[in-house]
Amino acid sequence: MFPPRTPTRVQKAHTSILTIYDFLAKYERWTREGGAKGCDFALGNPQNMPLDGFVSALREATTPQNPAWYAYKSNEASSREVVRASLKKLTGMEYPGENIFMTNGATGALLVIMNALIGSDDEVLYNNPPWFFYEGMILNSGGKPVAVNVDPTTSDLDIDAIERAITENTRFIIVNSPNNPTGKIYSPETLKRLGLALEAASRSIGRPIYLVSDEVYRAVAYDGAEFHSPTKFYTNSIMIYSYGKTLLTPGQRAGYIALSPEIENVEELRTILYSSQILSGWAMTSALMQHCLPQLEKLSLDVGTLQRRRDRFVAGLRACGYEVRVPEGAFYVTPKSPIEDDVAFTDTLAKEGVFCLPGSVVKMPGHFRASLTASDEMVERALPIFASARAKVLESGREGVKV
Ligand SMILES: Cc1ncc(COP(=O)(O)O)c(C=O)c1O
C-alpha cells in the first residue's frame, strides 16, 4: 500500500538529491520551451551529432549472428577481454578477466559496489565539491556519507583532511579524477600520498579501506596533461568507468567495474559483486552494447575540439568580466556567478535561452557550471547573453542598493 508505513530508503535519500531533482524538472521545462533556440550548457548531454563510428558499430551489432544474440548477458568473456586489453595499455597492470564486471554506466557500477559493500554504520568518504548523486546513492544503500573538502585554492585532494575523516567504520573512499565539477586532475604526488594514507589507516583498523576510482572523464585531459589512474597508487582499488563520457553517448549505458589485480579478498569481492549485479536489477551492460564493445573501445571524442571550445569560452567569459578557472580535464567550466544567488542568476540566463547548472547543486554556491558539451555555435550565440545577463543583474543590484 502507498504511502508505506515508514519511509523507504529511496524516500530518505530523496531529500539529499532535492536540489538536482528540482533542477532536472526545471531543465526539462527550459528545453521543452526553448526548443532548438536554447544554448544548452546544463548537463553533460551532447549537443552535436554522435560519432559516425558509434552509429555504424551499433547498426552492425543489431544483426543477430546466433539465437542467443539477445539472450541474457552478464560479464561476457569477450567483453572482459576487450576491457582487460584496454586496462593493460592504460595502467600496465594485468587484470584477470574475472575481476571485470560489465555495468550499465558508472551510476550502475556505483550502485552495484554500494549495494555489495556498504553495511549499516559503514561510512563512505568522497570529495567535496562532489558529483551530485554520490551522497544520495550512499544513503540509498544504507551508508553514511562523509564529504571531505578539497583545498579551496587548488581544488587538490586534502590528504590531511581525509586522514582525519577516516574512522573504524570507513568502508571506502570515492576519488574522481578528472574531477566533476572542479576540472582538477590529481597528480601522481597527491595520489601517492593518498595511497600511503589509506594503507596506514587500513593497517590501523585491521581491514582494507577500498579506494573507488571514478574515472569516467579519463579520456578528457587538456593541454597535454596526463591522467594518472588513482588505482596505480593503491592495491585495494576498485575502478569504475563509463563509455558514455568518452563517446558522448550517456544514454546508451555501458561501463564497468575493475578490481585491481592484487586487491585483498578478491574471491569474496567477485562473488558479492556478481550477486549485487543480479540483485540490483540485472545491472549489466546490455547485449547490444557488449556486442559493440570491440568497436567502441577504438573510438573517442575529439579532445582537441573540446579544448578549443574551452579556450574560446573561457576567454569570452573573462572578456565580459567573469571570474573563471581553466579546467585541466572533464567537461565543466565553473565561473563565479556575478551575484551570490546562483539559482537566480541561472534563471536569468535561462530566460534568455542559456541553460546552466546552479553551483549550489554541486556544492559550489555562488558559482554556476557550464558544460563544454554545448556546440561551438551555442558558445558563440551564448557569449553576448552571458555579457548582458551579467550587466543586468549587477545593474539591478545597484538599483536595489540605491532604494
Ligand atoms: C563524476 C561522475 N561519475 C559518474 C557519472 C555517471 O556516469 P554514467 O552516465 O555512466 O552513469 C557522472 C555523470 O555525469 C559523473 O560526472
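Remarks
- Boolean, Tyr21 is within 22 Å of the chain's Cα centre (by Cα), at negative phi, without any contact (Cβ under 8 Å) to a residue 12 or more places away in the chain and within 16 Å of the ligand (Cβ to nearest atom): yes
- Unique residue being buried (at least 23 other Cβ atoms within 10 Å of the Cβ) and more than 22 Å from Tyr186 (Cα to Cα) when the list is Val379, Val361, Val343, Val333: Val361
- A count restricted to segment 221-267 and to residues that are within 16 Å of the ligand (Cβ to nearest atom), out of contact with any strand residue (DSSP E or B) (no Cβ under 7 Å at 6 or more places or on another chain) and in a loop (DSSP other than H, G, I, E, B) stands at 5.
- Condition check for Phe54: within 16 Å of the ligand (Cβ to nearest atom), touching a strand residue (DSSP E or B) at 6+ places or on another chain (Cβ under 7 Å) and at pLDDT 95 or above: no
- Leu293 meets the conditions (1) in a loop (DSSP other than H, G, I, E, B); (2) more than 18 Å from the chain's Cα centre (by Cα) in every case but one. The failed one is (1).
- Only one of the listed residues (Ala13, Ala57) is crowded, with 18+ Cβ neighbours inside 10 Å, of a type in the set (A, V, I, L, M) and under 17 Å from Thr249 (Cβ atoms). That residue is Ala57.
- Selection count where residues are farther than 26 Å from Glu226 by Cα and not basic (Lys, Arg), scope segment 173-210: 8
- Test: residue in segment 67-77 that is in contact (Cβ under 8 Å) with a residue 24 or more places away in the chain and in a helix (DSSP H, G or I): no
- Within the set Asn176, Asn128, the sole residue that is in the same structural domain as Thr271 (by TED's automatic domain parsing) and either more than 13 Å from the ligand (Cβ to nearest atom) or surrounded by fewer than 23 Cβ atoms within 10 Å (Cβ to Cβ) (or both) turns out to be Asn128.
- Given (1) away from the ligand (no atom under 16 Å from the Cβ); (2) farther than 25 Å from Glu98 by Cα, index of the condition Arg207 fails: (2)
- Scoring Asn265 on the criteria (1) out of contact with any Phe, Trp or Tyr (no Cβ under 9 Å at 6 or more places or on another chain); (2) buried (at least 16 other Cβ atoms within 10 Å of the Cβ); (3) outside the structural domain of Arg369 (by TED's automatic domain parsing) leaves a single failure, condition (2).
- Whenever a residue of segment 24-40 is under 15 Å from Leu349 (Cα atoms), its partners that are at pLDDT 95 or above and basic (Lys, Arg), lying with C-beta atoms within less than 9 angstrom and at least six residues away or across chains, give the pairs Lys37/Arg381; Cys39/Arg381.
- Qualifying residue in segment 96-107 (condition: among the aromatic types (Phe, Trp, Tyr), within 30 Å of Ala165 (Cβ to Cβ), in contact with a strand residue (DSSP E or B) (Cβ under 9 Å, 6 or more places away or on another chain) and buried (at least 22 other Cβ atoms within 10 Å of the Cβ)): yes
- Filtered residue count, segment 87-106, keeping only those that are in a helix (DSSP H, G or I), touching a residue at least 40 places away in the same chain (Cβ under 8 Å) and either closer than 20 Å to Ala283 by Cβ or within 16 Å of the ligand (Cβ to nearest atom) (or both): 4
- Among the residues of segment 140-157, just one is closer than 16 Å to Leu211 by Cβ and either out of contact with any Lys or Arg (no Cβ under 9 Å at 6 or more places or on another chain) or among the polar types (S, T, N, Q) (or both), namely Val146.
- Among the candidates Asp151, Asp121, Asp156, residue that is touching a Ser or Thr at 6+ places or on another chain (Cβ under 7 Å), assigned to a loop (DSSP other than H, G, I, E, B) and not assigned by TED's automatic domain parsing to the domain that holds His367: Asp156
- In segment 135-148 there is no residue that is in contact with a strand residue (DSSP E or B) (Cβ under 9 Å, 6 or more places away or on another chain), on the phi > 0 side of the Ramachandran plot and not acidic (Asp, Glu).
The values are calculated or read from the model by the stated rules, or taken from the named source; none is laboratory data. Just so you know, these numbers come straight off a predicted model, no measurement behind them. We place every Cβ from the backbone using ideal geometry, glycine too, and count neighbours over all the protein chains shown.
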